[in-house]
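Beneath this line is the structure, given in structure tokens, with notes to follow.
The values are calculated or read from the model by the stated rules, or taken from the named source; none is laboratory data. Not measured: the values here are computed from a predicted model. Quick reminder, even Gly has a Cβ in these numbers, built from the backbone with ideal geometry, and neighbours come from all protein chains shown. Areas reflect the complete protein model, heavy atoms only, side chains present, ligands, DNA and RNA absent. Shrake-Rupley method; radii C 1.70, N 1.55, O 1.52, S 1.80 Å.
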Amino acid sequence: MDNSNNRDVNPYVQRVNAPDGGADDLRENYTENYAGVGCNDLGCDNNSDMSGKKPHRMAVKKGFVVGIATGIATTLVLGFIVLFAYTMITGRSVHTVAKSANVLDDKTVQKIDELANYIDECYYKDYDKDDLENGLLHGVMEGLNDPYSVYYTADEYKELQISTTGTYYGIGAALKQDPDTKQVTVSKVYSGTPSEEAGLKKDDEIVSVDGVEATSEDLTKLVTKIRGKEGTKVTLEIRRGEETDPFTVEVERKNVELPSVDSKLLDNGVGYIQVSEFQTNTASQFEDALNGLTNQGMKGLIVDLRANPGGLLTAVTEMVDRLLPAESVGTLPAGTVVYTKDKNGNVKTFGDDDGKQIDCPIVVLVDENSASASEIFAGAMKDYNEDGYIDATLVGKKTFGKGIVQTIYNLSDGDAVKITTSKYYTPNGHNIHKKGIEPDVEVDYEYTGDTNADYDMQYDVQLQKAIEVMNEKLK
């Protein structure tokens with residue numbers, strides 16, 4: 001780690017890479033998608049050296065929802081449960097569930113057949129029967145009017161799993177999508193990845209991918225077109241800045257692994273850890289960062305969760321366990337990080353005492369794009385501080401506000417369905433859905449340095465306020 005300067009750690013990271021992945025996804029679906037470029041859609045970066053160039057963070061425009069190809073609609077997924085397990089627990093088969101819900105009564109089935117006949121006889125061109133069937137299944141979930149409850153085909157489910165691990169074949173970039181205009185832009189180019197080699201830059205607009213207009217696809221699907229077999233190439237049409245004419249770039253897909261944790265020791269013994277997402281390997285990276293900073297004489301810790309859309313419940317729970325004492329909040333078990341409650345009132349707690357609490361003050365940086373798992377982290381810090389068990393302060397802006405949990409059920413044919421199954425609560429019983437968490441010290445994001453030069457944390461107003469708060473604690 002380079003302790004000599006403050007130029008490297010840029011917290012606004014939205015990766016577009018395709019990782020091989022698992023369950024317990026807590027990400028807030030902005031449009032959750034990494035663009036098949038490495039780990040979550042665009043690519044993974046094995047280079048954890050913080051001395052490389054980092055793009056500037058830009059303030060997020062109002063009304064602009066960041067989309068991580070697996071993303072901020074980011075879901076807090078409790079785990080992958082095989083369908084037969086669900087049937088055993090409930091005692092109901094899939095057919096019985098559908099019948100009891102009156103979704104597929106005789107009238108509905110007759111209408112579907114009638115629509116299919118009209119399409120078969122009248123539609124002006126050939127169509128794919130599988131696409132119609134998949135559209136029907138997607139439509140069932142869309143009827144819930146819940147953006148977090150989703151049907152996945154086998155291929156889509158595979159992409160979802162990839163997005164949680166941080167390893168894949170892609171280009172090593174992060175993408176975001178405006179939910180209204182569907183415009184797709186590059187939010188980060190990772191160092192040492194194919195996207196950097198090809199000359200992509202932050203804020204480049206992706207006009208098309210291999211001839212497919214970017215605005216015609218949801219970010220998740222677009223990312224799958226960017227990912228592919230190692231050694232193959234993807235053609236991107238790019239529009240940069242105020243230029244009106246786009247240009248094309250060929251980018252070779254490579255095995256990319258993106259780190260989700262960056263760290264360095266700042267002046268006065270202040271440790272800084274930036275977490276971009278909660279992936280499979282994030283907790284171990286966080287542990288390594290803590291140990292490294294402790295060995296360098298860390299006196300206080302700043303955890304930067306700005307623009308972190310969430311991720312795995314297992315990851316955030318393990319990380320917060322590392323910071324909390326073996327104390328009880330209310331009537332909850334000692335070390336509880338978060339608990340969930342379903343519609344039947346069933347409560348489940350997460351987190352326990354692992355005996356590894358760090359003994360130093362903590363500052364947590366959050367903003368309006370800190371969501372889901374990030375809010376679990378921030379909420380636990382806030383509640384344990386209020387009860388006097390730790391010295392923790394939240395700095396920045398009110399968080400996104402996602403306080404519901406999704407569970408993924410594997411279907412018998414390899415497809416899957418993600419359903420909102422419960423609400424989650426901070427240790428003191430706060431459900432933050434559509435409310436967010438207010439910081440203790442509110443400060444807007446502003447970058448006062450040269451936006452054409454490398455990011456330098458000394459010009460990051462929010463981060464400097466966090467350092468100021470920490471230094472007051474250390475006096």
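Numbers below:
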item: Residues satisfying the stated conditions in the stretch 271-326, i.e. closer than 22 Å to Thr399 by Cα and assigned to a loop (DSSP other than H, G, I, E, B); result: Ser276, Glu277, Gln279, Leu305, Arg306, Ala307, Asn308, Pro309, Gly310, Leu323, Leu324
item: Only one of Asp178, Asp131, Asp126, Asp146 that is surrounded by 13 or more Cβ atoms within 10 Å (Cβ to Cβ) and modelled with pLDDT of 90 or more; result: Asp146
item: Count - residues of the stretch 449-469 that are closer than 21 Å to Lys188 by Cβ and open to solvent by 30 Å² or more (accessible area, probe 1.4 Å); result: 8
item: For Glu472: the one exception among (1) surrounded by fewer than 17 Cβ atoms within 10 Å (Cβ to Cβ); (2) assigned to a loop (DSSP other than H, G, I, E, B); (3) more than 25 Å from the chain's Cα centre (by Cα); result: (2)
item: Single residue of Thr448, Thr399 found to be in contact (Cβ under 8 Å) with a residue 12 or more places away in the chain, over 16 Å from Ile376 (Cβ atoms) and touching a helix residue (DSSP H, G or I) at 6+ places or on another chain (Cβ under 9 Å); result: Thr448
item: One residue from Asn268, Asn295 being open to solvent by 10 Å² or more (accessible area, probe 1.4 Å), in contact with a helix residue (DSSP H, G or I) (Cβ under 7 Å, 6 or more places away or on another chain) and either more than 30 Å from Gly199 (Cβ to Cβ) or in contact (Cβ under 8 Å) with a residue 24 or more places away in the chain (or both); result: Asn268
item: Residue check, Gly199 in contact with a helix residue (DSSP H, G or I) (Cβ under 7 Å, 6 or more places away or on another chain), modelled with pLDDT of 90 or more and on the phi > 0 side of the Ramachandran plot; result: no
item: Selection status of Val275, under 30 Å from Glu318 (Cβ atoms), of a type outside the set (Asp, Glu) and crowded, with 22+ Cβ neighbours inside 10 Å; result: yes
item: Hey, Lys158 at pLDDT 90 or above and open to solvent by 100 Å² or more (accessible area, probe 1.4 Å) or not; result: no
item: Residue among Tyr455, Tyr445 that alone is at pLDDT 95 or above and aromatic (Phe, Trp, Tyr); result: Tyr445
item: Of residues in the stretch 317-339 being open to solvent by 10 Å² or more (accessible area, probe 1.4 Å) and in contact with a Leu (Cβ under 8 Å, 6 or more places away or on another chain), the one farthest from His430 (Cα to Cα); result: Arg322
item: Residue count, the stretch 256-270 (criterion: part of a loop (DSSP other than H, G, I, E, B) and not small (Gly, Ala, Ser)); result: 3
item: Given (1) under 22 Å from the mean Cα position of the chain (by Cα); (2) open to solvent by less than 20 Å² (accessible area, probe 1.4 Å), index of the condition Gln183 fails; result: (2)
item: Single match in Ile206, Ile119 (criterion: under 18 Å from Glu252 (Cα atoms) and modelled with pLDDT of 95 or more); result: Ile206
item: Identity of the residue in the stretch 192-219, among the β-branched types (Val, Ile, Thr), in contact with a strand residue (DSSP E or B) (Cβ under 9 Å, 6 or more places away or on another chain) and open to solvent by 10 Å² or more (accessible area, probe 1.4 Å), that ends up farthest from Leu236 (Cα to Cα); result: Thr215
item: Test: residue in the stretch 256-263 that is surrounded by 21 or more Cβ atoms within 10 Å (Cβ to Cβ), over 20 Å from the mean Cα position of the chain (by Cα) and among the hydrophobic types (A, V, I, L, M, F, W, C); result: no
item: Residues of the stretch 336-363 that turn out to be part of a loop (DSSP other than H, G, I, E, B) and under 30 Å from Gly269 (Cα atoms), as a count; result: 13
item: Leading residue by the ranking (surrounded by the most Cβ atoms within 10 Å (Cβ to Cβ)) among those in the stretch 240-255 that are over 26 Å from the mean Cα position of the chain (by Cα) and part of a strand (DSSP E or B); result: Val249
item: Neighbours by Cβ (under 7 Å, 6+ apart or cross-chain): first from the stretch 177-204, outside any strand (DSSP E or B); second acidic (Asp, Glu); result: Gln183/Glu205; Tyr190/Asp45; Tyr190/Glu196; Ser191/Asp45; Gly192/Asp45; Thr193/Asp45; Pro194/Glu252
item: Every pair of residues 6+ apart whose Cβ atoms lie under 7 Å, when the first sits in the stretch 237-264 and is among the β-branched types (Val, Ile, Thr) while the second is open to solvent by 70 Å² or more (accessible area, probe 1.4 Å) and assigned to a strand (DSSP E or B); result: Val251/Lys233
item: Contacts under 6 angstrom Cβ, first residue in the stretch 126-150 being over 17 Å from Gln406 (Cβ atoms), partner polar (S, T, N, Q) and surrounded by 13 or more Cβ atoms within 10 Å (Cβ to Cβ), 6 or more apart; result: Asn134/Thr153
item: Among (1) open to solvent by 10 Å² or more (accessible area, probe 1.4 Å); (2) touching a residue at least 40 places away in the same chain (Cβ under 8 Å), the one test that Phe350 misses; result: (2)
item: From the options Gln357, Gln406, residue that is at pLDDT below 95, open to solvent by 10 Å² or more (accessible area, probe 1.4 Å) and not charged (D, E, K, R); result: Gln357
item: Flag for Ile437 being within 19 Å of the chain's Cα centre (by Cα) and crowded, with 18+ Cβ neighbours inside 10 Å; result: yes
